[in-house]
Amino acid sequence: MADDTPVTDLQTVQVTGSRIPRAQVEGPAPITLITAEQIQAAGLTSVPDVLRSLSQNSGSVQGQQNTTSAQSTPGAQAVDLRGLGPNHTLVLINGRRIADFPLPLNSRSNFTDIGNIPLGMIDRVEVLTGSASAVYGSDAMAGVINFILKKSTDGTTIDYRYGDTQRGGGESHRLSLTTGFERGNFSGIVGIELLDKRPLWGFDRDIQDSTLDAPTSRRRLPRLVAQLYDWDDDVNIGPADDCAAMSGLNDGTTVLAEDRWGEPLCGSERAIAYRTIQNQRKGANVYGALEYRFSSDLSWFADFQLGRQTVKLLTGTNGNDVASDHMGWEFHDPDSTDNNDKIFFNAGTGHYEIWSRQFAPEEVGGLQNRMNSTTQKTFAITTGFNGTLGEDWTWEAAYNHSEYKAVVKMPRIDAAAANRFFLGERLGYDDDGYAIYNPDPTRLFTPLTPAEFAAIGVMSTWHPVAKNDNVSFTANTPSLFTMPAGDVGFAGAIEYGSQSYKINPDPLALTDDAYYGPRYGDGRGSRDHWSAAGELRVPLLASLQASVAGRYDLYSYGDKNPGKFTYSMGLEWRPLDTVLVRGSYGTGFRAPDMHYLFADNDYYRTVSTDYYQCRSEEPGYSDADCYDDGSWDVNTFDVYKGNMQLDVETSKSFTAGFVWSPSANFDLAVDYYQIRIANQVQTQSRELLRATEANCLLGVTDAGVSVDINSPTCVDALARVLREDPADPFSTITSVLFAPINIANEETSGIDVTANYRLQTASAGDFRFTGNYTWAHRHNRMLYPGDPEEDMLDLSFSATTLPRTKGNVGVDWDRNAWGAGLFGNYVGRVANYNNDAWTGATWRFNGSARYDISDHLRVSLSVNNLLDKMPPKDATWANYPYYDTSWFDSMGRSYYLQLTWKLGGSPL
């Protein structure tokens, strides 16, 4: 979707990737430009939709379809250029940094939330891929996305858009108003956007409205609603009434069912679908840009954004078998023996038992009462002065502040209250350390009233906040001095900034006994940074121009002061007026994520293999044999914590290509790219730490290679794997301490192709054709030094396989009062769930049409997913929602009717 305007018609502008204004968008590094008009014609209705359509945005990111991973960052959405991770893409608004989402992605790394950027206020989006830290500093490793908001308008424009889906659910309303003014030397633009988007539920789509949609027989079983498991006899005990008391729950679908082993339980095929696949979102955004001109040489400016949105969603687990999400309960007592806190001793039966329960909408008083709610409050302001010095110099002194505050309400089950409700009072502990109760089993199989549920259901409230402040001074000139081939352009900048975040969790969420379900960690920290940068554009020949930039960044936090110098170089050769040959090389870096540095203890209950005891008792066993055996598994309480010793990540990128424009109506760009990231931060593998501990204690690996117990690797592993008796390696493992460390390398390369063609006719109107295509040649990573490389484009890659190809095509038609467009988005094949076959390539098409009732009144209609395509079927994707949410959704065909009315000013 690159801009098709001939470069000869462009005015001098500053383009992403350089601080030196120039008269053409095309430069040494390829830039994708998406205008507001192109967004409208393509039928794209949100910022995540716009970025998802980019061929360069090839990473798997968290969207709106909510499964367990969405719990850590509820409602936030990310972008992932080149599939290198959301934290390696720098997102700017008007060239300025904005505060991160205040909760870390997957409880690990920081990222920018693009979900609350107002689409109606965007003038254009500029996308530069590759390492650009020489201009922008930290984070610009995979690329830079710069949202340029509207700076001027004539008259007042009112836009109202109504949206709905053909299959039902997800209705939306958007109202925006933009107006401008000019009073002498004072001018500005102000806009407001209101959004009301209703949720789309899993049960609204027949491909995922029940467990019967699962591709495997095991997953088609009804989902657990109530289960009483006798640990001693290894059987379920069904209710005497065969679940008749619960038959009205889950819309009347709760019945006596069987689990995977044929044991009785009360279950429902519909309960799996009580989660949102499109979030509910309500809110408002206000934007303004102001300028006061003291003289032709001095101006004051300010732009601001203020937003408040409430996002509601309901997450769930992917499985059918256990009560492990926020709509469920199992007996929970962290003081029970051997970390086996799900088991209690039933004095009435004389057996050890596990009781499990899922709560139906009828019990909780409606799904709205159990939705995860996040109120997002964003604020950003940039103000300063700019002007000219002499004939050639322009300068700017600016202060930028942005913050992202949230009030996150997570539904939880009060563990103590639920234990008492279902089991009665605890009678003590037996000799083995198990809690003793004498409960009435009918309580487990009796529906709760909303009032009873309210006594055990609570909202855990968090108040995370992230802030970013920056002071900068920049100056540039198109003519620092003159060479035989022309003037040398220069830009320089100095900056100082500070960054901070606080998770501010619910204190009870940090304890082990307050709530049923996951325990969360805290984190807070701040750091300062300084930087100085310079850039030159040098005409070597009349047809050859070079660019060079350098920047030094210094960070300060705790007793650490990491610094990094980055640089970039570029060449532009125009052997013909119609041909541009270009190339660029740049280095990049990323200062360690704030949460990677400052994360406080986060806890994980899990089952762990004791490789030392296994290999000691079973000589000849490999680590894989121990893992598969299962006899050496123990319950551990692992602890994650940030690492203040982290070093910066580094990158190198290279591009080479050409732009051919034989006429003002046609251009073709082909570019090769390569990006390498080194010293990448990854979280330590707990499995590897336990295997390394065994190697160190035994003095040999399972392959027979000698190991020195005094090596740094062994010293670290032995300190991280904790046992009941530190002096006795045969005592039980109780915990593994793990953290983020600099270990990984990643590399990707490929080719981008962009083409634009405009056909102008006297009678049929004007046509514009666009196409973008990205082919990834390779995308490999190595997690640990010495490991074999993993091919992230191949079936063998165990995590989400990235598509090798991605692209889009569009055609727009305009004739007088009428206009229409067709836009297609293409995703190449990706691996199925089992990583043993390919899911075929897919297309999704959007169609749009408009009619100008008058030159100030327009009506538009967009139809997204024109052919009503559902996700491709995958016979191995047994987990809900039974398809790959990284690349597909079940929204189906949707409609958007928009009315645009302009009061005053030039025609639409």
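Relative to the longest principal axis of the Cα atoms of the chain, the long axis of helix 686-698 makes an angle of roughly 60 degrees. Here, P(r) means the percent of Cα pairs in each 10 Å bin from 0 to the largest distance; for the range 220-333 it is 11, 28, 20, 11, 9, 8, 7, 5, 2.
Net charge near residue 831: determine it from the other residues with C-beta under 12 Å of the C-beta of residue 831, scoring Lys and Arg +1 and Asp and Glu -1. The partial results should precede the final answer.
Values: positive: 804, 829; negative: 791, 794, 836, 874, 884.
Combined, the nearby Lys, Arg, Asp and Glu give -3.
For the range 380-419, which GluC sites (Glu not before Pro) are both in a DSSP coil and crowded by at most 10 other Cβ atoms within 10 Å?
On the way: sites: 391, 396, 403; in loops: 391.
Passing both the DSSP loop test and the Cβ count: 391.
Using bins of 5 Å that start at zero, the share of Cα-Cα pairs per bin across the range 775-898 amounts to 2, 10, 15, 16, 14, 12, 10, 7, 6, 4, 3, 1, 1, 0, in whole %.
A Förster radius of 35 Å combined with the Cβ-Cβ distance from residue 622 to residue 235 puts the calculated FRET efficiency at roughly 0.50.
At 0.36 nm per residue, and after removing the present C-alpha to C-alpha distance, how many nm does the segment from residue 181 to residue 304 gain when stretched out fully? Show your work: numbers first, answer last.
Details: separation 123, 0.36 × 123 = 44.28 nm, distance 1.62 nm.
Here the answer is 42.7 nm.
Distances longer than 51 Å among the Cα atoms of the chain: what percent of all pairs is that?
On the way: 90606 of 411778 pairs.
Counting pairs separated by more than 51 Å, the tail of P(r) holds 22 percent.
Quick one: which of 878-887, 180-189 comes out on top by average Cβ neighbours within 10 Å, and what's the full order, highest first?
Numbers: 878-887: 21.3, 180-189: 14.1.
Listed from highest to lowest mean packing, they are 878-887, 180-189.
Computed over neighbours whose Cβ is under 11 Å from that of residue 551, the net charge equals -1, Lys and Arg +1, Asp and Glu -1.
Taking the alpha-carbon centroid of each part, what is the distance from the range 635-678 to the range 536-598 in angstrom? Answer, in whole Å: 13.
Could you order peptides 727-740, 778-791 by the average number of other Cβ atoms within 10 Å of their residues, highest first? All intermediate terms of the calculation are to be shown ahead of the outcome.
Details: 727-740: 16.9, 778-791: 14.4.
Those peptides, ordered most packed to least, come out 727-740, 778-791.
Mean projected area of the convex hull spanned by the Cα atoms of the range 825-908, taken over all viewing directions: 7.1 nm². FRET efficiency for the residue 567 to residue 719 pair, using the beta carbon distance and R₀ = 30 Å, is estimated at 0.15.
By average Cβ neighbour count within 10 Å, what is the ranking of 296-305, 582-591, 601-610, 127-136 from highest down? Please report the intermediate quantities before stating the final value.
On the way: 296-305: 16.1, 582-591: 24.2, 601-610: 17.6, 127-136: 27.1.
Peptide ranking by packing, descending: 127-136, 582-591, 601-610, 296-305.
Sequence-distant contacts, meaning Cα pairs under 8 Å at least 6 residues apart, place the relative contact order of the chain at 12 percent. What the phi angles of the range 881-896 give under the Karplus curve with 6.51, -1.76 and 1.60, with θ = phi - 60°, is a coupling list of x, 6, 7, 7, 6, 5, 10, 10, 9, 10, 4, x, 5, 9, 10, 9 Hz, glycine and proline written as x.
Tell me the net charge near residue 75. Cut-off is 11 Å between Cβ atoms, residue 75 excluded, with +1 for each Lys or Arg and -1 for each Asp or Glu. Write out the running numbers ahead of the final one.
Numbers: positive: 281, 312; negative: 113.
The answer is +1.
Computed from the C-alpha gyration tensor, the three semi-axes of the ellipsoid equivalent to the range 70-210 are 29, 27, 12 Å, from longest to shortest. May I ask for the distance between the Cα centers of the range 852-900 and the range 407-447, given as a whole number of Å? Using only Cα atoms to place each centre, the spacing works out to 45 Å.
Just so you know, all these numbers are worked out from the coordinates, no wet-lab data involved. What you see is a predicted model; the values in this text were computed from it and never measured. Note: ideal-geometry Cβ built from the backbone for every residue, glycine included; neighbour counts use all protein chains shown.
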